[in-house]
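Here it is: the structure, laid out below.
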Amino acid sequence: MAKNTCIICQIIGNSIPSKKIYEDEMVLAVLDVNGANPGHCFVMPKNHYPIIEQVPDIEIGRLFQVSNKISSAIFEALGAQGTNIFVANGIPAGQTVAHFMINVIPRKENDGINLQWQPRQLGEEEMSTVELKLKEQTKNMGHFEKEEKRPKVQVPKPVIFSEEEEEYFTRQMGRLP
């Protein structure tokens, strides 16, 4: 899907109005107009990535940091008793828009939202096969991208004067025109 036809990119570009909750250089968080509960937010990268596997590590980290802060805000501002923070990654997982986003949904007891599934008991052989396949696939995962280090700005330490020096400076300041 081209960036100019992506509904999320259009929201990010202000072509489609939205209720912005948070915005920085990498991330935009908006209210879901058809949310599961009042306060349901989408946290999305400003760059276009259809699925999580395409989002750079640095941006994934920032997206989840913002999602965490939005979750805290939902608890405080809306009196939520819990939140669901999840990603629908791919059509079979329920993704309906080809732009990666994180859902942050406020929850209260008996709110009628059901994100439960029936546990599926795997046999020992199937569990071992899955384990081996995943270990093989992840063994060379390597290092994650890191944010560029910015030079630290040295803040000068405050000078502490004795009482006598402080009195001297106070007297001198009183003499200034």
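The values are calculated or read from the model by the stated rules, or taken from the named source; none is laboratory data. Fair warning: this is a prediction, and the values are worked out from it, not measured in the lab. No Cβ is skipped: glycine too gets one built from the backbone with ideal geometry, and neighbour counts run over all protein chains shown.
In the stretch 16-45, which residues are among the small types (Gly, Ala, Ser), part of a loop (DSSP other than H, G, I, E, B) and on the phi < 0 side of the Ramachandran plot? Break it down stepwise before answering.
Restricting attention to the stretch 16-45, the residues satisfying the condition of being among the small types (Gly, Ala, Ser) are 18, 29, 35-36, 39.
Applying the additional criterion that residues be part of a loop (DSSP other than H, G, I, E, B) yields 18, 35-36, 39.
18, 35, 36 - these are the residues of the stretch 16-45 that are among the small types (Gly, Ala, Ser), part of a loop (DSSP other than H, G, I, E, B) and on the phi < 0 side of the Ramachandran plot.
Taking residue 89, is it touching a strand residue (DSSP E or B) at 6+ places or on another chain (Cβ under 7 Å) and surrounded by 10 or more Cβ atoms within 10 Å (Cβ to Cβ)? I'd like the intermediate steps shown before the answer.
Values: touching a strand residue (DSSP E or B) at 6+ places or on another chain (Cβ under 7 Å): no; surrounded by 10 or more Cβ atoms within 10 Å (Cβ to Cβ): yes.
Spelling it out, it is not the case that residue 89 is touching a strand residue (DSSP E or B) at 6+ places or on another chain (Cβ under 7 Å) and surrounded by 10 or more Cβ atoms within 10 Å (Cβ to Cβ).
Let me ask something else. Conditions first: (1) surrounded by 16 or more Cβ atoms within 10 Å (Cβ to Cβ); (2) among the charged types (D, E, K, R); (3) more than 23 Å from residue 111 (Cα to Cα). Residue 25 passes all but one, so which condition is the exception?
Tallying (1) surrounded by 16 or more Cβ atoms within 10 Å (Cβ to Cβ); (2) among the charged types (D, E, K, R); (3) more than 23 Å from residue 111 (Cα to Cα), residue 25 fails exactly one: (1).
Let me ask something else. With 137, 154, 118 as the choices, which residue is part of a helix (DSSP H, G or I), at pLDDT below 90, exposed (fewer than 10 other Cβ atoms within 10 Å of the Cβ) and more than 25 Å from the chain's Cα centre (by Cα)? Break it down into steps so the answer makes sense when it comes.
Working: 154 fails: part of a helix (DSSP H, G or I); 118 fails: part of a helix (DSSP H, G or I).
So the residue among 137, 154, 118 that is part of a helix (DSSP H, G or I), at pLDDT below 90, exposed (fewer than 10 other Cβ atoms within 10 Å of the Cβ) and more than 25 Å from the chain's Cα centre (by Cα) is 137.
Okay, next question. Using beta carbons and a limit of 8 Å, which pairs, at least six apart or on different chains, have the first residue in the stretch 70-92 and under 15 Å from residue 42 (Cα atoms) and the second one aromatic (Phe, Trp, Tyr) and buried (at least 17 other Cβ atoms within 10 Å of the Cβ)?
Taking only residues 6 or more apart or on different chains, the pairs are 87/100; 89/100.
Among the residues of the stretch 46-66, what is the count of those that are of a type in the set (A, V, I, L, M, F, W, C), assigned to a helix (DSSP H, G or I), under 24 Å from residue 91 (Cβ atoms) and touching a residue at least 40 places away in the same chain (Cβ under 8 Å)? Give the derivation first.
As a first pass, look at the stretch 46-66 and keep what is of a type in the set (A, V, I, L, M, F, W, C): 51-52, 55, 58, 60, 63-64, 66.
Remaining after also requiring assigned to a helix (DSSP H, G or I): 52, 58, 60, 63-64, 66.
Retained after the next criterion (residues that are under 24 Å from residue 91 (Cβ atoms)): 52, 60, 63-64.
This time we only want the ones that are touching a residue at least 40 places away in the same chain (Cβ under 8 Å), so: 52.
Qualifying residue count for the region: 1.
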